[in-house]
Amino acid sequence: MFKKKPKQGRAKMADKANEFYTVSKIGKTREITPEGYLLCRDVALARTGTLLYGDGEIPVEPDNTGRIVVTRGDDDLFRPETMASAEGKPITNDHPDDWVKPENWKELCCGVGQNIRRGEGLEDNLLIGDLLVTDKQAIEDVMNGKVEISLGYDTDYLQLEKGRATQSNIVINHIALVKEGRNGNRCAIKDSKIMAKKTGFLDSLRKKIKLTVDEALEEAGVTNDSDEPEDDDEEESKS
């Protein structure tokens, strides 16, 4: 069945084989497809560095505090096979009890991850991807703030000593939307609304500082008659 295309909206021209077509933009990184799917661009999925685990979470002996520190390097996360293993993998709403596979795919899949690549510049320690969320409940959850990401994957651990290990041979099975991921806001779906909230906080802080200065001047018997506008050129740094 054919449907008439929307008269208004913005189309993303397909300059790559894995590009998406969208008709509207609802945030800095969020767009809507003609079907109503939610496209989240430039999502940090994982990072290199150290990861903290508790006793029993992974097959590594903890230290005397019950903690395990795992190191993941560039050669592990950005290994061609690891990056390829994330391409086209299903998005899930929370981690499922089992790996996503043909027998349970229809039940668990909420979308797909695509255009998997290594970040650039300050983000060169991040595995980046575009997420197309197709499930109605998952879309609503993302829009309501469930934006952190946690990968489900298989990996080999090499224990260096009690409480310390390295990861290798990472093979990704699914990309989970979670309320609280191990990497926090570092690996999450971003949006311009977050930046707007930060800007609002800065505006509020500026007003408080100005009010304090005015009160001090008034107490000293000095009137602040300056009509100069406040300097709003402060630039927000991106996380």
Subject >> Hey, Glu87 open to solvent by 20 Å² or more (accessible area, probe 1.4 Å), of a type in the set (D, E, K, R), under 28 Å from Val112 (Cβ atoms) and more than 17 Å from the chain's Cα centre (by Cα) or not >> reply: no
**OP:** Output the number of residues of region 95-123 satisfying the condition of being open to solvent by 80 Å² or more (accessible area, probe 1.4 Å) and aliphatic (A, V, I, L, M).
**Re:** 1
**OP:** Quick one: which residue in Asp76, Asp97 is touching a residue at least 60 places away in the same chain (Cβ under 8 Å) and among the acidic types (Asp, Glu)?
**Re:** Asp76
**OP:** Name the one entry in Lys136, Lys162, Lys146, Lys179 that is open to solvent by 80 Å² or more (accessible area, probe 1.4 Å), more than 27 Å from Pro62 (Cα to Cα) and either basic (Lys, Arg) or touching a residue at least 40 places away in the same chain (Cβ under 8 Å) (or both).
**Re:** Lys136
Original post:
Checking Asp130 against (1) under 12 Å from Leu45 (Cβ atoms); (2) open to solvent by 30 Å² or more (accessible area, probe 1.4 Å); (3) under 13 Å from the mean Cα position of the chain (by Cα), which single condition isn't satisfied?
Top reply: (2)
Original post:
So which of Lys106, Lys101 is basic (Lys, Arg) and assigned to a helix (DSSP H, G or I)?
Top reply: Lys106
**OP:** Would you confirm whether any residue within region 84-93 is more than 17 Å from Leu151 (Cα to Cα), in contact (Cβ under 8 Å) with a residue 40 or more places away in the chain and not small (Gly, Ala, Ser)?
**Re:** no
Subject >> Number of the condition not met by Gly152 [criteria: (1) of a type in the set (Gly, Ala, Ser); (2) surrounded by fewer than 19 Cβ atoms within 10 Å (Cβ to Cβ); (3) outside any strand (DSSP E or B)] >> reply: (3)
**OP:** Please determine, by comparing only the residues of region 19-59 that are small (Gly, Ala, Ser) and more than 15 Å from Ile139 (Cβ to Cβ), which one is surrounded by the most Cβ atoms within 10 Å (Cβ to Cβ).
**Re:** Ala46
Original post:
Which of the residues spanning region 90-107 are within 19 Å of the chain's Cα centre (by Cα) and of a type in the set (A, V, I, L, M)?
Top reply: Ile91
Original post:
On the given criteria, is Asn185 outside any strand (DSSP E or B), in contact with a Leu (Cβ under 7 Å, 6 or more places away or on another chain) and either at pLDDT below 50 or open to solvent by 50 Å² or more (accessible area, probe 1.4 Å) (or both)?
Top reply: no
Original post:
Quick one: is Thr92 within 22 Å of Ala138 (Cα to Cα) and open to solvent by less than 80 Å² (accessible area, probe 1.4 Å)?
Top reply: yes
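The values are calculated or read from the model by the stated rules, or taken from the named source; none is laboratory data. Bear in mind that the values here come from a model prediction, so they are computed numbers and not experimental data. All Cβ positions, even for glycine, are placed from backbone atoms using ideal geometry, and neighbour counts span all protein chains on display. For accessibility, only protein heavy atoms count, side chains too; no ligands or nucleic acids. Shrake-Rupley method; radii C 1.70, N 1.55, O 1.52, S 1.80 Å.
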